[in-house]
Amino acid sequence: MTTIDTEALLTQESDVARGRSRRPKRDPLLRGVKVKETKTDRVFIVAAYILLSVFLLVVLLPLLNIVASSFSSPQAVSSGRVLFWPVDFTFRGYAEALANPAILRGFGNSLFYTVVSTLISVLGTVAIAYPLSRAQLFGRKVITGGVVFTMLFSGGVIPMYLVVQSLGLLDTRWSMLLPNAIGVWQVIIAIVYFRSSVPDEVYEAAQLDGASELRILWTIVVPLAKPLLAVIALMYAIMQWNSYFDALLYLRNADLQPLQLVLRGLLILNDSGGGGDVAEQLRRRELADLLRYSTVVIATVPMLVAYPFVAKYFNKGIMVGAVKG
């Protein structure tokens, strides 16, 4: 018995010295053996596939209808003949949308609000979450409790409007950038990430080397937090790009309105007709129906383009705080 153990040990050391890792051999009796699924397991799997397929169709079919309608003729869209494939294929909807200066201006405003607001939001979130993730911060629990309190209870629309008005931000670009710049949920995610992904030993080693807190944040924490930054940036960007109520509440100048508000005004104007003969009113109504679908597709493209660039970080960042096992 002792001889067998010694030979095994010598063989293992020889494999390690030659750079090979000795893997345990699989039992020949277990080769080709499959775990038998019970009837309950099969029923569960089938039910899960059916349920997921239903969810997929609920999400996918309306998108297909919107895209197909955007490439169809105004008459086909207005008459309801378009289902999931374009009828009388044409680019007229996109040509009319891109030729409208109000839509182009709204698109530019939405792009500006999204980029600038995302930068402000990410910087503000990191600036709040990093100190709250450090155990050395005095009053950390009290401050964190105050931050969470604002997520559960808020003053409402009217107090927010009065604050924006008192600060002189009404009908300015800042009214779209500052009031909702920081999301409490994103701050909590960032706090959990900083605590779990950056060991205390790293902070201690940096402090022994004489690094300040700002240098630690910029050279150590931020590079390690790329998945987190990508996820919260995507969250903020989607929220700002789809922002509609804030613009309706704070902006009156048409030159500052985002695409979503411009689209609303454009559709109301086209639907109202504004007089004229019946043929002209019908043409305007058909064009309004087509513009509705074309502009929705145009408004969706930026987020679809941006997502692949952060997709590789999304799965890792979104699992922050999850139970590992």
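The values are calculated or read from the model by the stated rules, or taken from the named source; none is laboratory data. Just so it is clear, the structure is predicted and the values come from calculations on it, not from any experiment. Note that we place each Cβ from the backbone using ideal geometry, even for glycine, and neighbour counts take in every protein chain shown. Note: areas computed on protein heavy atoms with side chains; ligands, DNA, RNA excluded. Shrake-Rupley method; radii C 1.70, N 1.55, O 1.52, S 1.80 Å.
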Determine, yes or no, whether ARG252 is modelled with pLDDT of 75 or more, open to solvent by 30 Å² or more (accessible area, probe 1.4 Å), in contact with an Asp or Glu (Cβ under 8 Å, 6 or more places away or on another chain) and closer than 29 Å to VAL115 by Cα.
yes
From the list ALA76, ALA17, ALA47, which residue is over 30 Å from ALA299 (Cα atoms), open to solvent by less than 70 Å² (accessible area, probe 1.4 Å) and either modelled with pLDDT under 80 or of a type in the set (A, V, I, L, M, F, W, C) (or both)?
ALA47
With the condition kept exactly as written, say whether any residue in the stretch 206-220 is in contact (Cβ under 8 Å) with a residue 40 or more places away in the chain, open to solvent by less than 40 Å² (accessible area, probe 1.4 Å) and either more than 24 Å from LEU249 (Cα to Cα) or out of contact with any helix residue (DSSP H, G or I) (no Cβ under 9 Å at 6 or more places or on another chain) (or both).
yes
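Given the stretch 92-190, what helices (runs of 4 or more DSSP H) lie entirely inside it while holding 3 or more residues that are at pLDDT 90 or above and open to solvent by less than 40 Å² (accessible area, probe 1.4 Å)?
Numbers: elements: 92-99, 101-133, 140-152, 157-166, 174-177.
Here the list reads 101-133.
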